[in-house]
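Working notes for the structure below.
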Amino acid sequence: MQPFEENDVEVLDEVIETDVHNLVVFNDDINTFDHVIDTLIDVCDHTPEQAEQCTLIIHYKGKCTVKNGSWEDLVPMRNEICRRGISAEVL
């Protein structure tokens, strides 16, 4: 193995900006676990297990980031979740 030399390191000289947003769903006292789970499966393409875990986090922590992505991808999901009576925001 060759000894490490300082000039062997490449430095990234360009930073690529990415706008990653979070789709956050908030807890309420209205919607059932099953309704939230079904919504996350339908709207966010979650697996049943993933949707159940997010729903438990929403219930116990008050909110959960259920999806990450671009503003353009998340806003239609947020709108559909809200249309189904669940509180959500893209942050």
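Of all the residues that make up segment 22-64, how many are hydroxyl-bearing (Ser, Thr, Tyr) and surrounded by 14 or more Cβ atoms within 10 Å (Cβ to Cβ)? Give the steps one after another, and end with the answer.
Quick first cut of segment 22-64, residues hydroxyl-bearing (Ser, Thr, Tyr) only: 32, 39, 47, 55, 60.
Narrowing the set further to residues that are surrounded by 14 or more Cβ atoms within 10 Å (Cβ to Cβ) leaves 39, 55.
Qualifying residue count, segment 22-64: 2.
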- Message: Looking at Val11, Val36 in this structure, which one is out of contact with any Pro (no Cβ under 8 Å at 6 or more places or on another chain), within 16 Å of Ser87 (Cβ to Cβ) and either among the hydrophobic types (A, V, I, L, M, F, W, C) or at pLDDT below 95 (or both)?
- Response: Val36
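Condition test on Glu80, is it free of Cβ contacts under 8 Å to residues at least 24 places away in the same chain, outside any strand (DSSP E or B), surrounded by fewer than 17 Cβ atoms within 10 Å (Cβ to Cβ) and more than 11 Å from the chain's Cα centre (by Cα)? Step through it out loud before you land on a result.
Details: free of Cβ contacts under 8 Å to residues at least 24 places away in the same chain: no; outside any strand (DSSP E or B): yes; surrounded by fewer than 17 Cβ atoms within 10 Å (Cβ to Cβ): yes; more than 11 Å from the chain's Cα centre (by Cα): yes.
It is false that Glu80 is free of Cβ contacts under 8 Å to residues at least 24 places away in the same chain, outside any strand (DSSP E or B), surrounded by fewer than 17 Cβ atoms within 10 Å (Cβ to Cβ) and more than 11 Å from the chain's Cα centre (by Cα).
Could you run through segment 31-56 and say how many residues are part of a helix (DSSP H, G or I) and of a type in the set (Ser, Thr, Tyr)?
Number of matching residues: 2.
Any chance you could count how many residues in segment 16-30 are under 19 Å from Val90 (Cβ atoms), more than 12 Å from the chain's Cα centre (by Cα) and not in a strand (DSSP E or B)?
Taking segment 16-30 first, the residues under 19 Å from Val90 (Cβ atoms) are 17-28.
With more than 12 Å from the chain's Cα centre (by Cα) added as a condition, the list becomes 17-19, 26-28.
The next check asks that each one be not in a strand (DSSP E or B); those that pass are 17-19, 27-28.
Within segment 16-30, residues that are under 19 Å from Val90 (Cβ atoms), more than 12 Å from the chain's Cα centre (by Cα) and not in a strand (DSSP E or B) number 5.
The values are calculated or read from the model by the stated rules, or taken from the named source; none is laboratory data. Computed from a predicted structure; not experimentally measured. Cβ atoms come from the backbone with ideal geometry, glycine included; neighbour counts cover every protein chain shown.
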